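The values are calculated or read from the model by the stated rules, or taken from the named source; none is laboratory data. Keep in mind the model is a prediction, meaning the values are calculated, not measured. When we count neighbours, we look across all protein chains shown, and the Cβ atoms used for this are built from the backbone with ideal geometry, even at glycine.
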Amino acid sequence: MSETPSNNPSGDNEAGLIKRLRARLNKGDSWLTRDIGTLFGQGSLDDDALDEIETRLLTADAGVEATDWLMTRLRNEVGAGRVRTPDQLRAFLRKSLVELLEPVSRPLQIPDFIRPYIVFVVGVNGAGKTTTIGKLAMRLKREGKSVLLAAGDTFRAAAVNQLLTWSQRADVPCLSQGEGADSASVIFDAVQSAKSRGIDVVIADTAGRLHTQSHLMEELRKIKRVVQKHDPYAPHEVLLVVDGTTGGNALNQALQFHEAIGLTGIAITKLDGTAKGGILLAIARRLSLPVRFIGVGEAVEDLQVFDARAYADALIGD
């Protein structure tokens, strides 16, 4: 795993990142540029070809807003005669994806003057929340940060044990009170422990909940209020983990969680398991929230800092 943020990779690091992404995203076969040469017919993009590109975007969960934005630009370029060949179309798509995604390609930065830096990790069951916490803990430790995990998901039977397993793997402490304990109390105690021990980062797991369950969303707000007794500015990061295979539902989750607690970042997991993956475009266009990480596999190094240029290069291909 690279120890430096890959938001501006260079040289061999950049080439390696693109190669890994291309191999993992959609199993190396891009939904956007597959058979792109066949779209040109007699040497130009006609209305049918443009409709085909629009359909690919929508069926890949890019969302109406991002699709409209991109297609308006593309139709203007085609009308002006600037997109006449497959290479020109690839160049246009790459440039447009970077323009759309680069503003949200912002890695998680933990300042030295905030200690402990408190991260809430939220999301629905099955999105990969606890696994993301474990991988993030390992990443931060390798960057020289001390980390404490807080087992705030006390409602799911295996959640505490799963987090304890990750804490052992990452060799970081984990504070837990067992199944059924009060989540706010667990996380409050974890922050207090971190303060007394001089720990840099607290990563708090929270109960996986459906974004439509208002009483559980209120529980998140309660945890936030309780932790603010330690630090009125806490949590310093509220990271939503969404499953990239769930398509448009991931955008709905992001909207609801953002309204309930105020998100500061998103991690999109399981992008290696979908033939779509356009949800990145939908979230970028609709919410403009920082995409901190993407998950493209099971290994620890497969939780990657999101890099817009590397992602566009991997998606567009050669």
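Tell me the residue from 238, 242 that is under 24 Å from residue 67 (Cα atoms), assigned to a strand (DSSP E or B) and touching a strand residue (DSSP E or B) at 6+ places or on another chain (Cβ under 9 Å), please. Show your work before the answer.
Values: 238 fails: under 24 Å from residue 67 (Cα atoms).
Answer to the selection: 242.
Of the conditions (1) in contact (Cβ under 8 Å) with a residue 60 or more places away in the chain; (2) out of contact with any Leu (no Cβ under 9 Å at 6 or more places or on another chain), residue 141 clears all except one; give me its number.
Of everything listed in (1) in contact (Cβ under 8 Å) with a residue 60 or more places away in the chain; (2) out of contact with any Leu (no Cβ under 9 Å at 6 or more places or on another chain), residue 141 misses just condition (1).
Hey, can you tell me all the residues within region 145-162 that are part of a loop (DSSP other than H, G, I, E, B) and either more than 14 Å from residue 220 (Cα to Cα) or in contact (Cβ under 8 Å) with a residue 60 or more places away in the chain (or both)? Working first, answer last.
Taking region 145-162 as the starting set, the residues that turn out to be part of a loop (DSSP other than H, G, I, E, B) are 145-146, 153-158.
Listed by number, the residues that qualify are 145, 146, 156, 157, 158.
Does residue 110 meet the test of being β-branched (Val, Ile, Thr), touching a strand residue (DSSP E or B) at 6+ places or on another chain (Cβ under 6 Å), under 23 Å from residue 289 (Cβ atoms) and touching a residue at least 24 places away in the same chain (Cβ under 8 Å)?
Spelling it out, residue 110 is indeed β-branched (Val, Ile, Thr), touching a strand residue (DSSP E or B) at 6+ places or on another chain (Cβ under 6 Å), under 23 Å from residue 289 (Cβ atoms) and touching a residue at least 24 places away in the same chain (Cβ under 8 Å).
What number of residues in region 45-95 are charged (D, E, K, R) and at positive phi? Working first, answer last.
Taking region 45-95 first, the residues charged (D, E, K, R) are 46-48, 51-52, 54, 56, 61, 65, 68, 73, 75, 77, 82, 84, 87, 90, 94-95.
With the extra rule that they be at positive phi, the set shrinks to 61.
Selection size over region 45-95: 1.
Quick one: count up the residues across region 95-127 that are surrounded by fewer than 21 Cβ atoms within 10 Å (Cβ to Cβ) and within 18 Å of residue 160 (Cα to Cα).
Selection size over region 95-127: 2.
Give the residue, chosen from 267, 282, 310, 250, that is part of a strand (DSSP E or B) and either small (Gly, Ala, Ser) or in contact with a strand residue (DSSP E or B) (Cβ under 7 Å, 6 or more places away or on another chain) (or both). Give the steps one after another, and end with the answer.
Numbers: 282 fails: part of a strand (DSSP E or B); 310 fails: part of a strand (DSSP E or B); 250 fails: part of a strand (DSSP E or B).
Unique residue meeting the criteria: 267.
Identify, from the list 242, 296, 291, the residue that is at pLDDT 95 or above and buried (at least 23 other Cβ atoms within 10 Å of the Cβ).
Matching residue, one of 242, 296, 291: 291.
One residue is enough: does region 217-232 have a residue meeting the conditions in a loop (DSSP other than H, G, I, E, B), over 30 Å from residue 271 (Cα atoms) and in contact with a helix residue (DSSP H, G or I) (Cβ under 6 Å, 6 or more places away or on another chain)?
First pass over region 217-232, keeping only residues in a loop (DSSP other than H, G, I, E, B): 228-232.
Still in the list and also over 30 Å from residue 271 (Cα atoms): 228-232.
If we keep only those that are in contact with a helix residue (DSSP H, G or I) (Cβ under 6 Å, 6 or more places away or on another chain) too, we end up with 230.
Yes, some residue in region 217-232 is in a loop (DSSP other than H, G, I, E, B), over 30 Å from residue 271 (Cα atoms) and in contact with a helix residue (DSSP H, G or I) (Cβ under 6 Å, 6 or more places away or on another chain).
I want to confirm something. Restricting to region 163-179 and keeping residues that are in contact with a Cys (Cβ under 9 Å, 6 or more places away or on another chain) and either part of a strand (DSSP E or B) or of a type in the set (S, T, N, Q) (or both), which single residue is surrounded by the fewest Cβ atoms within 10 Å (Cβ to Cβ)? Show your work before the answer.
Restricting attention to region 163-179, the residues satisfying the condition of being in contact with a Cys (Cβ under 9 Å, 6 or more places away or on another chain) are 163-164, 166-168.
From what's left, either part of a strand (DSSP E or B) or of a type in the set (S, T, N, Q) (or both): 167-168.
Numbers: 167: 22, 168: 12.
It comes out as 168.
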